[in-house]
């Protein structure tokens, strides 16, 4: 009889040496959107909590993982750390706290590829659960860039042309260096870039600063993309000659 497969939830970008022993078990990225999950966080967490942090709480309650691997370093924030405490106390869930400070980059071929933007983001996130060797082709002349974290609403990515370059913490995520602030701040000043973060997230400070520095478009996204945000992005890309 084989060993029992555990449900292993993880948050952020834990170091690979922490995730490695659990690769044969069921890994669940608690940052991701799962349609059937109930929204318990609306009753438990303050309204000013970031949508992604609420999602972590909801997913943990829904999946009830046997173990939770929680990157509590640069991959997350103080509100997320507080949620890990709630989950530990409410569910009695074993929490393995990590702090990924690695600077040994794995590269960013997907962020720089010619693929559609939504597909790029899906690959980067999927590879956290199940890393795969992929052949992607670099975009030699990207028309636009997007800076930020993984969006709560992926329809945002459908507004951009294929080959849109990924910057910000999402780029750091592909590189597996969530603490690399220099990489997170890196932007090509020659192309128009949209800068965003989730509402109530501290990364809005950096997003707004970089947007001003590079003459980009800045906005924050609470949960679902609004008509106003859609119009702003489309107008910005059109005005800058992208579409």
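A few notes on this one:
- Set 104, 141, 179: member being out of contact with any strand residue (DSSP E or B) (no Cβ under 9 Å at 6 or more places or on another chain) and not assigned by TED's automatic domain parsing to the domain that holds residue 208: 104
- Unique match (being surrounded by 20 or more Cβ atoms within 10 Å (Cβ to Cβ) and assigned to a loop (DSSP other than H, G, I, E, B)) among 161, 109, 65: 65
- Every pair of residues 6+ apart whose Cβ atoms lie under 7 Å, when the first sits in region 2-21 and is without any contact (Cβ under 8 Å) to a residue 24 or more places away in the chain while the second is surrounded by 14 or more Cβ atoms within 10 Å (Cβ to Cβ) and assigned to a strand (DSSP E or B): 5/26
- In region 180-195, the residues that are under 11 Å from residue 147 (Cα atoms), touching a residue at least 40 places away in the same chain (Cβ under 8 Å) and either part of a loop (DSSP other than H, G, I, E, B) or more than 18 Å from the chain's Cα centre (by Cα) (or both): 187, 188, 192
The values are calculated or read from the model by the stated rules, or taken from the named source; none is laboratory data. Keep in mind that this is a model prediction, so the values were computed, not measured. Every residue, glycine as well, gets a Cβ built from its backbone with ideal geometry; the counts of neighbours run over all protein chains shown.
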